[in-house]
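Written out below as C-alpha cells is the structure these notes cover.
The values are calculated or read from the model by the stated rules, or taken from the named source; none is laboratory data. These numbers come from a predicted model, not from an experiment. Using ideal geometry, Cβ is built from the backbone for each residue, glycine included, and neighbour counts are taken over all protein chains shown.
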Amino acid sequence: MHSHRSQSKVAMIGSNMMDLITYYDDSFPKVGETIFGKDFEIGFGGKGANQAVAIAKLGGNPLVVTAVGNDLFGPLVKENFKNQGIDITWIKTVNGKTSGVAPIFVDKNGYNSIFIIPGANSFLEPEDILQMKSVLSEVSFFLLQLEIKLETVYVTLNLAHELGKKVILNPAPARNLDWKYLEGIYLFAPNETELHSLTGVNTNSRNEILKGAHFLLEKGVQNVLVTLGEKGSLLVNNTINQSFPAYPVKSVDTTGAGDAFIGALVYFLSQGQGLEESIDKASGYAALSTTQRGTQKSFADKETFERWFSLQSISKDF
C-alpha cells in the first residue's frame, strides 16, 4: 500500500463516472439543430466514487473496488483517487470498454437532465469480488449502491453476510431488487423517489414513508434511513422512528449532497459513533457540501467540517 493511513474500515464496492457537464441558457437543441451552450465542466463523479471520496476527505481510508475503461478517462479517474489519498490497487481496467460517463445538461435555472452510461462499471464481475475475500474480511463495513451490475451487488451482499460485516446499501439509482438478498442488511438508505420505486408505496406523508420502510424491515433489513432532501431524514427500525432535521444553509448546488451524506454517515459509523449521532453529523456534512459548486470538490475536509459543525450545534437542542 502506498498510503500510511490507518487500515481500511470501509470497503466501497461500486461505481465511478466522469461527469461531463454542459450549462445552457435557452432551449435544449432539437434533433438536427446545433446551438451554442454557455459553459462546460468535467468533474469526477459516480455514486460509489463520490461516497468514497467523502470518507477520504473526512480522514478515513476506504478500500475502493471499482472498474474503469482503457480509454482517456481511466487514468484520470485513478489519478483522482490517488490525489484523494485512496489506494488504487483494487481498481480494475476493462479492455475495449469506455469508463463510465454522465453527460449532464444544466439549464439556466439550475435544473439538470442526466444520462448515465456505465461503461466499464457494468464489467465489475462477481468473481472480481470473490477473489478479494481475504482483503474484504479485514474491513468492518461494506458500502454499496446500484450503478454496477446487480449480480455483483448480490454476490457482495452474500459475502458480507458470510463474513459477518455490516452493509450499508444506498439503492441508487432505483432498480428492481430481489428481496431475498436484503436479509441482514444493517442499513438500507433510499431517498423518497427510490423508496417509492422499490416498494410501490407513495411517499407524500410520514405515514406512507413509514409503511414503505416497514415493508423493507419485513424483508430482513435492520435499519431503514429515508433521505428527504431539505426535510432531513427519517430513521425507521423495529423499535423507533426518528426524524433528523436538515441543517439550514444557503445552497448554491445540491449535486452530490446525497453522496456526501452517505459517505459521511459510513465514515462516522466506522469511527465507532452511534447510528443516530452519525446521521446527525452526516446531515451537517451534506448541508455544508451544498454551499459550494461541484460534486466531489464541494466536500469539506475534516477540519473545515468540524469547525463549521461545532458552530451549528450551539443552536441545537440536543
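At a glance:
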{"read-out": "Matching residues in the range 95-144 - criterion: being acidic (Asp, Glu), farther than 24 Å from residue 264 by Cα and touching a residue at least 40 places away in the same chain (Cβ under 8 Å)", "value": "107, 128"}
{"read-out": "Yes/no for residue 294 being surrounded by 14 or more Cβ atoms within 10 Å (Cβ to Cβ), in a loop (DSSP other than H, G, I, E, B) and either without any contact (Cβ under 8 Å) to a residue 24 or more places away in the chain or on the phi > 0 side of the Ramachandran plot (or both)", "value": "yes"}
{"read-out": "Long-range neighbours under 6 Å by Cβ, at least six apart or interchain, first residue in contact (Cβ under 8 Å) with a residue 60 or more places away in the chain and buried (at least 19 other Cβ atoms within 10 Å of the Cβ) within the range 156-167, second among the β-branched types (Val, Ile, Thr) and part of a helix (DSSP H, G or I)", "value": "156/129"}
{"read-out": "Within the range 186-256, strands (runs of 3 or more DSSP E) holding 3 or more residues that are of a type in the set (Val, Ile, Thr) and within 16 Å of the chain's Cα centre (by Cα)", "value": "223-227"}
{"read-out": "Among (1) out of contact with any Ser or Thr (no Cβ under 7 Å at 6 or more places or on another chain); (2) in contact (Cβ under 8 Å) with a residue 24 or more places away in the chain; (3) exposed (fewer than 14 other Cβ atoms within 10 Å of the Cβ); (4) over 21 Å from residue 57 (Cα atoms), the one test that residue 228 misses", "value": "(3)"}
{"read-out": "From the options 57, 30, residue that is in contact (Cβ under 8 Å) with a residue 24 or more places away in the chain and of a type in the set (Lys, Arg)", "value": "57"}
{"read-out": "Among residues of the range 75-120, those that are touching a Ser or Thr at 6+ places or on another chain (Cβ under 9 Å), assigned to a strand (DSSP E or B) and within 30 Å of residue 35 (Cβ to Cβ), counted", "value": "6"}
{"read-out": "Count of the range 198-218 residues which are farther than 15 Å from residue 241 by Cβ and crowded, with 17+ Cβ neighbours inside 10 Å", "value": "2"}
{"read-out": "Residue match in the range 135-156 (condition: within 15 Å of residue 10 (Cβ to Cβ), part of a helix (DSSP H, G or I) and of a type in the set (A, V, I, L, M))", "value": "yes"}
{"read-out": "Residue in the range 4-19 that is more than 27 Å from residue 281 (Cα to Cα), modelled with pLDDT of 95 or more and touching a strand residue (DSSP E or B) at 6+ places or on another chain (Cβ under 9 Å) present", "value": "yes"}
